[in-house]
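One structure below.
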């Protein structure tokens, strides 16, 4: 699997609010933010998406896992 990551755009600061996993079905599974090394991100920081987390076992189709990220924009 190829490494997947997000980079915070210039002049922005993000806080990871919540994350869900989905296999394309009708429900999503909430993932603990503790799966991510960094939850507050400054411009230029990189958030790497984990290759595997335990919650994936709860999905019917583990071949197509989609993450849904929700961030809060931190105002200066």
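Residue by residue through the range 42-57, note down the ones that are at positive phi and not in a loop (DSSP other than H, G, I, E, B).
Filtering the range 42-57 for residues at positive phi gives 44.
None - no residue of the range 42-57 is at positive phi and not in a loop (DSSP other than H, G, I, E, B), so the list stays empty.
Could you grab me the full set of residues in the range 26-40 that are surrounded by fewer than 10 Cβ atoms within 10 Å (Cβ to Cβ) and out of contact with any strand residue (DSSP E or B) (no Cβ under 9 Å at 6 or more places or on another chain)?
Correct list: 26, 34.
Output the strands (runs of 3 or more DSSP E) that fall wholly within the range 1-41 and possess 1 or more residues being closer than 18 Å to residue 58 by Cβ, or say none. Reasoning before the result, please.
Values: elements: 5-7, 13-22, 29-31.
Result: 13-22, 29-31.
If residue 7 meets every condition in (1) over 13 Å from the mean Cα position of the chain (by Cα); (2) in contact (Cβ under 8 Å) with a residue 24 or more places away in the chain apart from one, which number is that one?
Going through (1) over 13 Å from the mean Cα position of the chain (by Cα); (2) in contact (Cβ under 8 Å) with a residue 24 or more places away in the chain one by one, residue 7 breaks only (1).
Do you know which of the residues in the range 4-17 that are touching a strand residue (DSSP E or B) at 6+ places or on another chain (Cβ under 7 Å) and within 17 Å of residue 52 (Cα to Cα) is surrounded by the most Cβ atoms within 10 Å (Cβ to Cβ)?
Once the filter is applied, the top-ranked residue is 6.
Yes or no: residue 70 closer than 19 Å to residue 4 by Cβ, without any contact (Cβ under 8 Å) to a residue 12 or more places away in the chain and loosely packed, with under 15 Cβ neighbours inside 10 Å?
Spelling it out, it is not the case that residue 70 is closer than 19 Å to residue 4 by Cβ, without any contact (Cβ under 8 Å) to a residue 12 or more places away in the chain and loosely packed, with under 15 Cβ neighbours inside 10 Å.
Looking at the range 58-74, which of its residues are assigned to a loop (DSSP other than H, G, I, E, B) and touching a strand residue (DSSP E or B) at 6+ places or on another chain (Cβ under 8 Å)? Spell out the reasoning first.
First, pick out the residues of the range 58-74 that are assigned to a loop (DSSP other than H, G, I, E, B): 59-65, 74.
The answer is 59, 65, 74.
Filter the range 41-63 down to the residues that are exposed (fewer than 12 other Cβ atoms within 10 Å of the Cβ), in contact (Cβ under 8 Å) with a residue 24 or more places away in the chain and within 15 Å of the chain's Cα centre (by Cα) and list them by number.
Matches in the range 41-63: 46, 51.
Computed from the coordinates by the stated procedures, all read-outs in this text should not be read as laboratory data. Remember, it's a predicted structure, so these values are computed and weren't measured experimentally. Cβ atoms come from the backbone with ideal geometry, glycine included; neighbour counts cover every protein chain shown.
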